[in-house]
Amino acid sequence: MSGSSSPGTELPAPVLPGPVLIVGTGLVGTSVGLALRRHGHDVWLADHDADNLAAAAALGAGRAGEPKAIGLVVAAVPPDHLGAAVVDALVRWDAAIVTDVGSVKTAPLEAVRASGTDLSRYVGSHPMAGSERSGPAAASASLFEGRAWAVTPHPKARSDAVETVRALAVACGASPVELTAEDHDAAVAQVSHLPHLMAVLAAARLVDAPHRHLSLSGQGLRDVTRVAAGDPTLWRQIVSANAAQLRDLLLDVRDDVDRLLAGLGDPGAPDLLELLRRGAAGTELIPGKHGKPTPAQAIVYVAVPDRPGELARLFADAGQSGVNVEDLHIDHDPARPVGLVEIVVSASSADRLVTSLTAQGWSVHR
């Protein structure tokens, strides 16, 4: 697997106005604290949930409490409370720059405007990273590494506030991407919120499925439904906050479902094939590594005994082939003590990997 930098080329840590106060110590807030502490930034933590606060502090994400002076406040609270948290931070810390890491950007911006508070020190942001797990125990200093981090300036934002929020993203290992709040909400509706709801709809069909049907589940089902395991309470708040953007997309999906139903009833109708083709074409538009188009890829399947050390041996043998691994998945055979590892490589390298692994005694197929 290739990396984006070489040893000795790490850039110096961005300069942030300190100390930094993180309000909210769930998954994202605690991960921000851990990422900043890794670079030696002075981080303080606040949360109404005493257990979360204690857990985040114990993990090393920062110190519980509030110092006398704050340079940057990061609001990392649930969407229903985000606007109020931003306004409170602007009022209480009248010299601090304030950002938030919420999934929707128009709502908190409108809340600040409506409050009459100084808007110039507030710049919204949103790291495009997360997990189906929640809480500080799921946090990681590396959560944002290599991810996009949306920064959403507005016309009244101070330039130093914008640069500070960009520096925050870089300090956490992410790549800042500037968008308006409205454009951000339209984008995440398309690439994050709608896919989550589609996963929820697919996973919800499993609740009443017979167990004998579920025994046929494979990696494809897990890929489609994985994100549906996210916290339902949090996701209710996220999709409600972005309802206007999602409504139009869901109406389009409903039209596609109607066309799909019509196609199922008439195999000769063109709608079914056209919809399947559009789906395949859409997958090709998703950016690959480093934001570049994804090259043609192939999957090499390897049967791996379910015992310690076998995956490490497979990775070592795959490395000896000289083929770069783009991605991989592990699917466990429910009937045998064997895992099926799906190794994703460039299409032009697949035969070389198959030949190399076969020669080293692995059971391999494409």
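Descriptive notes on the structure:
- Sole residue being buried (at least 22 other Cβ atoms within 10 Å of the Cβ), at pLDDT 95 or above and over 18 Å from Gly102 (Cα atoms), chosen from Val32, Val20, Val43: Val43
- The range 95-116: number of residues that are touching a residue at least 60 places away in the same chain (Cβ under 8 Å) and basic (Lys, Arg): 1
- Residues (of a type in the set (A, V, I, L, M) and either surrounded by fewer than 24 Cβ atoms within 10 Å (Cβ to Cβ) or on the phi > 0 side of the Ramachandran plot (or both)) located in the range 97-108: Ala107
- Residue among Glu145, Glu163 that is of a type outside the set (Val, Ile, Thr), part of a helix (DSSP H, G or I), in the same structural domain as Thr106 (by TED's automatic domain parsing) and on the phi < 0 side of the Ramachandran plot: Glu163
- Of the strands (runs of 3 or more DSSP E) contained entirely in the range 289-356, those carrying at least 1 residues that are modelled with pLDDT of 85 or more and either within 24 Å of Ser217 (Cβ to Cβ) or in the same structural domain as Gly220 (by TED's automatic domain parsing) (or both) fall at 297-305, 338-346.
- When restricted to residues that are assigned to a loop (DSSP other than H, G, I, E, B) and of a type in the set (Ser, Thr, Tyr), the range 113-133 contains 3.
- Checking each residue in the range 223-232 for being in a helix (DSSP H, G or I) and either without any contact (Cβ under 8 Å) to a residue 40 or more places away in the chain or crowded, with 16+ Cβ neighbours inside 10 Å (or both) picks out Val224, Thr225, Val227, Ala228, Pro232.
- Identity of the residue in the range 166-219, at pLDDT below 90 and among the hydroxyl-bearing types (Ser, Thr, Tyr), that ends up nearest to Ser142 (Cα to Cα): Ser217
- As a summary of the residue check, Ala157 satisfies the conditions (1) part of a helix (DSSP H, G or I); (2) modelled with pLDDT of 95 or more; (3) more than 17 Å from the chain's Cα centre (by Cα) except for the one numbered (1).
The values are calculated or read from the model by the stated rules, or taken from the named source; none is laboratory data. Quantities reported herein were computed from a predicted structural model and do not represent experimental measurements. Note that each Cβ is placed from the backbone with ideal geometry, even for glycine, and that neighbours are counted across all protein chains shown.
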